[in-house]
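Some notes on the structure that comes next.
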Amino acid sequence: MNDRRKKFVDEYILTGNATEAAKRAGYSGKTAYSQGERLLRNAEVRAAIDKRLAEAASEKTLTQKQLLEFLSAVVKGEVNDETVQNRLIGKGCSIVEHVELRASVRERVRAAELLLKIHGAFNQTEESGKPDLSQIFLQALEKSGEVDKGDRPA
């Protein structure tokens, strides 16, 4: 693939617009629309674009394990948020501070609900027709390493 086509691929990834990418890659403004359309139909260019988009998507996408670990950390209160606050220190003077905030109970409960849904806690049991949330929650904690099987209540 020549340099101009490589530049088109780079610019198309950035803009998502074939005409704009063609202009930025050095094609004439008068023919940029038709050149962009033609380049998108070119198998080599299309393959390069698809490969780059797949790489970008895989780098930004969490794995299932990463998601479960994050939700478990929120439930355990290990994840903190940060906010910026102005603190008055004198007449007309203030300083900016970074303040760390623990996840609220509401946020922790919501993370627990998401974990329970992932682990099937809201499926109904056969006898009562209601989910057995305690058992499912303990199983989820065991999977996350928070509780050992020996620590489970009878």
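We did not get these values from a lab; they are worked out from the coordinates using the rules stated. All of these numbers come straight from a predicted model, not from anything done at the bench. Quick reminder, even Gly has a Cβ in these numbers, built from the backbone with ideal geometry, and neighbours come from all protein chains shown.
Each principal axis of the stretch 1-123 carries a Cα extent, and these read 59, 59, 20 Å when sorted largest first. Backbone phi angles across the stretch 37-43, fed through the Karplus curve with coefficients 6.51, -1.76 and 1.60 (θ = phi - 60°), yield HN-Hα couplings of 4, 5, 5, 5, 7, 5, 4 Hz in residue order; Gly and Pro are listed as x.
Rounded to the nearest 0.05, what FRET efficiency is calculated for A57 and K7 with R0 set to 22 Å and r the Cβ-Cβ distance? Intermediate values should be presented prior to the final figure.
Details: r = 22 Å, r/R0 = 1.00.
Efficiency computed from Cβ-Cβ geometry: 0.50.
Full extension of the chain between R102 and L40 gives 17.5 nm of extra length, using 0.36 nm per residue less the Cα-Cα distance. Distance from the C-alpha centroid of the stretch 3-37 to that of the stretch 73-100: 45 Å, rounded to the whole angstrom.
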